[in-house]
Amino acid sequence: MTTRKLIILFYWIFIPFIIQGQSLIPAPKEIQYINGSFLFSGKANITAFNTNTFNIDNLVEAIEKQGITTKIVNNGKRSKSNIVLERADSPIHLEKILKKNKLDEKYEIENEGYVLNISTKKIQLFALTEAGIFYGVQTLKQLVSIYGKEGSIPCMLIYDKPDIAIRAWQDDISRGPIPTMDMLKEQIRTMSSFKLNYFTLYIEHVFKLKKHPEIAPKEGISKAQIEELSRFAKKYHVKLIGSYQSFGHMAKTLSHPKYQYLAENKHIISPTMKESYEFLQDVYQEIVPVFNGNYFNINCDETFGLGEGKSKVMADSMGIDGIYLYHINKLNAMLKPFDKKILMWGDIVAKYPQIIDQLPKDITVIAWAYHAADNFEFKVTPLSKTGLNVWVAPGINCWGNIFPNYQTTEINVYNFIRDGYKHNATAVLNTSWDDDGLNFFQNNWHGFAWGAENSWNAPPNLTNEASEQERHNRYMRFNKAFDAVFYGLNTPEESVTDLMIQLSSLHQSGIRNVLKNSRFFEPIFPMHFDYLQKGKREENISILHQLDTIYSELNTLYPKVRNNKQTLDYLLFAISQTQFTIKKNLFRIALYGYLNDENTTLSKDELKIEKIALVKELQSLKERYTTLWKMENRNHWLEENTKQYDKLINELTIIDGYIIFNPINEVNDQGRKINIRSVFNDFPIHYTINKDTVTTHSPQYLNPIFINKNATILARSIDKKTEFQIQKISLIHHKGIGKLQRLISNYSTYHPSYDGGGDYALLDGRLGSKDELRSGRWQGFAGEDIEIEIDLKRNEPLKSFSMGFFQNTESWVIFPRQVEIYIKDSINQEYELYSIIKGKVPPEKKGNLKENYTTTFTNIQPRYIKIIARYYGKLPEWHHAGSKYESM
């Protein structure tokens with residue numbers, strides 16, 4: 001008996017300490033701690049008044065999971081029950097109940113609030129609505145999960161209610177993965193346990209329409225499935241928000257031959273055709289009524305290129321803003337009969353505030369931003385000051401990533417919700433996107449739970465410094481709670497969340513894009529200098545050791561995780577993918593050393609063994625990826641993703657025969673020397689100059705070749721067993737080759753390929769294609785002029801000048817305003833302006849474009865030349881990103 005008292009006393013001391021660490025998600029508004037613990041004594045007798053059986057069953061399941069026997073007492077005798085759930089008939093009735101139980105009867109719990117009283121003898125849950133009972137049960141379930149194994153729960157009194165009425169999350173099902181019904185239901189179960197109450201599926205083309213059956217894939221989502229999901233969600237107090245892209249982002253629909261005639265461009269449906277609205281009417285009639293929520297998202301964002309196709313005349317007449325207003329009002333009229341409130345993304349409204357007065361007054365605009373920033377008022381206030389209803393949409397930064405970027409998500413979600421709440425936003429829509437179609441949802445729970453925490457408990461409006469400290473403190477508490485609630489780990493030294501944070505922190509490591517899918521699938525060649533510079537080998541080795549440790553610690557924790565264990569398989573896979581990326585990096589560095597006769601860590605034979613190991617590892621990763629995909633998604637898009645594995649497997653397999661051109665940066669009497677080799681020089685190389693292909697009948701490369709004119713060289717390793725690829729280099733022959741005096745400007749580090757090959761790139765004669773911006777043959781500059789000086793070594797007669805540039809305005813890359821040519825004869829002279837070349841292509845012209853800025857010279861033979869290409873400056877006013885950003 002004495003021992004038992006000591007154990008109970010230990011609980012009184014230890015358990016409240018954990019609770020004060022807020023091991024609940026979301027943290028309750030108010031907790032009053034009371035000495036003692038409620039003891040189950042092996043059983044729980046439950047009485048429910050005026051509430052549905054689902055809430056009771058939900059609680060029973062959680063209690064019995066801890067090995068505690070339950071009994072439903074239906075005779076209404078409270079004295080025989082140690083757990084009581086009671087929904088009041090009215091606010092007055094609730095006030096009486098609270099007063100009778102000596103609780104704060106003045107606490108306004110509103111529609112979704114609740115009061116949870118845990119004493120030594122009884123657990124009481126009071127609420128005004130079924131939703132309030134449900135959310136109180138979720139809190140109690142979390143406490144049972146954390147402490148139920150010990151047979152007791154620390155005594156406390158909780159008063160709780162949400163700050164924000166609409167707390168939503170979004171799953172993108174149109175850019176690749178379409179979750180199974182089981183996975184969608186799992187989302188609803190889990191997110192509702194974190195007290196989220198609205199769910200939307202981002203839909204472009206995947207809804208199976210009866211009138212237009214050609215559009216959706218075979219594994220698309222059907223009306224019957226949405227109806228089933230709506231019924232399921234209703235039990236969890238979750239409403240489904242309907243969604244259909246109704247202007248831009250319609251490429252997958254408009255690419256179908258039957259619907260191409262509706263296209264304004266590849267991704268926008270034309271607002272000039274009545275058939276466009278007939279099609280959208282068909283879609284709305286099928287899709288809108290299926291969703292049980294009272295909102296429908298028409299999306300209508302990112303309408304790049306509007307007014308340039310069929311609607312050009314319309315744009316000339318009423319402007320782009322007029323077209324947009326016309327389209328929104330047409331959609332609003334279509335949706336009126338369905339009694340839905342319209343949602344749409346707010347970027348266009350913010351850009352064209354003059355249309356606001358003519359928009360439907362009951363429309364809701366969604367402010368969105370996904371980056372980390374100290375302040376998001378610039379996104380919210382242009383919309384909130386209009387008087388329109390505003391939602392805010394942060395994001396969990398999963399898209400394009402092997403594993404989400406937690407640091408960006410932490411700041412983005414907290415600060416955006418804070419600023420939205422400050423300016424009267426009525427809802428939070430936390431988003432995930434699947435831009436590259438590769439991501440697993442099972443890695444997204446943490447970001448969505450963080451959104452739930454801050455939607456229920458809106459961050460306070462503080463000074464920047466105080467707000468940052470508050471966010472940090474809340475995030476620390478949240479992460480401890482996530483271990484306890486989501487994984488069932490109750491001791492500080494056992495933390496899956498810490499390991500996830502360690503993995504995610506590699507987004508901020510010195511290894512560029514190490515957690516990006518694009519880096520995982522990136523081939524060995526071209527070898528960008530950014531990957532190879534001094535210290536990168538050691539940095540990669542250090543991160544590999546860190547990953548090995550995380551993997552090992554996670555495997556140790558695996559048996560101890562009580563909840564959501566299936567997510568660990570996805571986490572382990574993300575670690576394995578990152579390990580592979582690092583090993584590929586190290587292989588590239590070693591191969592570069594071998595190719596350049598530097599001190600290398602691996603010999604030729606060792607490199608071959610390492611290559612085979614990489615191929616085998618990648619094949620294994622492909623099999624694991626396929627298994628994990630099928631656990632949460634339908635088969636749709638899986639083949640597209642495994643093709644990327646197959647492509648990299650093939651590229652690694654045949655890398656032995658990869659051709660490397662090495663044009664020497666000087667010209668002698670023979671011309672310019674071109675060296676050609678394969679990676680290991682194991683196979684005969686055949687080549688051609690200015691011809692279309694290479695065969696075994698083409699000349700065999702035995703010695704360096706020389707060129708003294710413009711040339712396109714094709715080369716290929718020839719082997720009877722392996723089909724090696726043809727490699728190509730296009731070179732122009734000019735007097736500036738190797739004559740760099742100095743490159744005054746700094747080329748961009750935005751992407752590693754933008755170095756173009758280093759300081760000599762502008763003079764190396766290699767031509768870049770407009771279709772291959774990141775081939776490593778373009779040199780990029782951002783926010784500054786390009787300035788370069790050339791020393792011809794002697795006074796040379798010059799006949800012409802040409803400099804090639806790339807433009808894709810939508811990608812922020814714009815031709816220079818002009819190119820200036822300066823010349824002088826000696827080092828001590830001042831440069832004189834000789835010629836100015838203006839571009840001919842305006843920034844409004846779309847697509848990947850290449851233009852040569854060309855001029856002729858007359859009777860000049862300078863020694864020194866300076867070229868300045870004046871960059872465009874800030875993006876144009878009409879640009880979709882806004883004019884405050886610098887162009888490249």
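The values are calculated or read from the model by the stated rules, or taken from the named source; none is laboratory data. Since this is a predicted model, take the numbers as computed values, not measurements. Here Cβ is always computed from backbone atoms with ideal geometry, including for glycine, and neighbour counts include all displayed protein chains. Protein only, heavy atoms only, side chains kept; ligands, DNA and RNA dropped before computing areas. Shrake-Rupley method; radii C 1.70, N 1.55, O 1.52, S 1.80 Å.
For the chain, adding -39500 (n - 2.57) for each run of n ≥ 4 DSSP H residues and dividing by the number of residues yields -11500 deg cm²/dmol at 222 nm.
Using the Cβ-Cβ distance between LYS874 and ILE744 with R0 set to 30 Å, the FRET efficiency works out to roughly 0.85. Rounded to the nearest Hz, the phi-derived 3J(HN,Hα) couplings of the range 139-151 under the Karplus curve 6.51 cos²θ - 1.76 cosθ + 1.60 (θ = phi - 60°) are 5, 5, 4, 4, 5, 4, 5, 6, 10, x, 4, 7, x, where x marks glycine and proline.
Between LYS312 and HIS472, residue separation times 0.36 nm minus the direct Cα-Cα distance comes to 52.6 nm.
Per residue, the chain exposes 43 Å² of accessible surface when a 1.4 Å probe is rolled over the protein heavy atoms with every protein chain present.
Loop-located GluC sites (Glu not before Pro) across the range 787-869 with a Cβ neighbour count of 15 or fewer within 10 Å are GLU830, GLU844, with loop assigned by DSSP.
Residues of the range 639-662 falling in the label zone of LYS721, defined by backbone nitrogen less than 13 Å from a point 7 Å along Cα to beta-carbon, are 654, 656-657.
Distance between the modelled labels on ASP282 and ASP759, one decimal in nanometres: 6.3 nm (7 Å Cα→Cβ projection). Could you sort out which of LYS584/LYS739; LYS536/LYS616; LYS516/LYS840; LYS516/LYS721; LYS100/LYS141; LYS252/LYS341 sit more than 29 Å apart by Cα distance in this structure? Check vs 29 Å cut-off fails for LYS584/LYS739; LYS516/LYS840; LYS516/LYS721. The length gained on full extension between ASP791 and THR626, counted as 0.36 nm times the residue separation minus their Cα-Cα distance, comes to 53.7 nm.
Our note on the geometry: Cα centres of the range 57-134 and the range 436-452, 33 Å apart.
Translational diffusion coefficient of the range 556-678 (Stokes-Einstein, Kirkwood radius from Cα pairs, 4 °C, 1.567 mPa s): 73 µm²/s. Taking the square roots of five times each eigenvalue of the Cα gyration tensor of the chain, the equivalent ellipsoid has semi-axes of 58, 34, 25 Å, listed largest first.
In this calculation the C-beta distance from ASN375 to ASP104 is compared with R0 = 25 Å, giving a FRET efficiency of 0.10. Given +1 at the Cβ of Lys and Arg, -1 at the Cβ of Asp and Glu and no other charges, the dipole of the chain around its Cα centre is 1460 debye to the nearest 20. In the range 501-592, one over the average inverse separation of all distinct C-alpha pairs is 14.0 Å, which is the Kirkwood hydrodynamic radius. When only alpha carbons are used to place a centre, the range 655-681 and the range 217-269 end up 52 Å from one another. If R0 is taken as 30 Å, the Cβ-Cβ distance between ILE654 and GLU598 corresponds to a FRET efficiency of 0.75. Taking the accessible area of the chain, probe 1.4 Å, and keeping the other protein chains in place, the carbon and sulfur fraction comes to 49%.
For the range 313-419, the spread of Cα positions along the three principal axes, ordered from largest to smallest, is 45, 33, 30 Å.
Between SER255 and MET181, the modelled labels are 2.9 nm apart [label points 7 Å from Cα along Cα→Cβ]. Modelled spin labels at ASN662 and LYS266, positioned 7 Å past Cα toward Cβ, are 3.8 nm from each other.
One equal scatterer on each Cα of the range 753-792, no solvent, Debye formula: the resulting log10 I(q)/I(0) at q = 0.25, 0.30, 0.36 Å⁻¹ is -0.90, -1.11, -1.26.
Say the cut-off is 19 Å between C-alpha atoms; which of LYS29/LYS195; LYS312/LYS770; LYS218/LYS622; LYS185/LYS239; LYS480/LYS565 go over it? LYS312/LYS770; LYS218/LYS622, as the Cα separations exceed 19 Å there. Calculated on C-alpha atoms, the gyration radius of the range 792-877 divided by its Kirkwood radius gives an Rg/Rh of 1.07. Length available on full extension from ASN710 to GLU639: 0.36 nm per residue minus the Cα-Cα distance, which gives 21.3 nm. Shape analysis of the range 651-797 yields a ratio of the Cα radius of gyration to the Kirkwood radius, Rg/Rh, of 1.01. The spacing between the range 705-749 and the range 760-815, judged by their C-alpha centroids, is 15 Å. Peptide packing for 745-752, 649-656, 323-330 was compared via the average number of neighbouring C-beta atoms within 10 Å per residue; ordered from the highest value, the list is 323-330, 649-656, 745-752.
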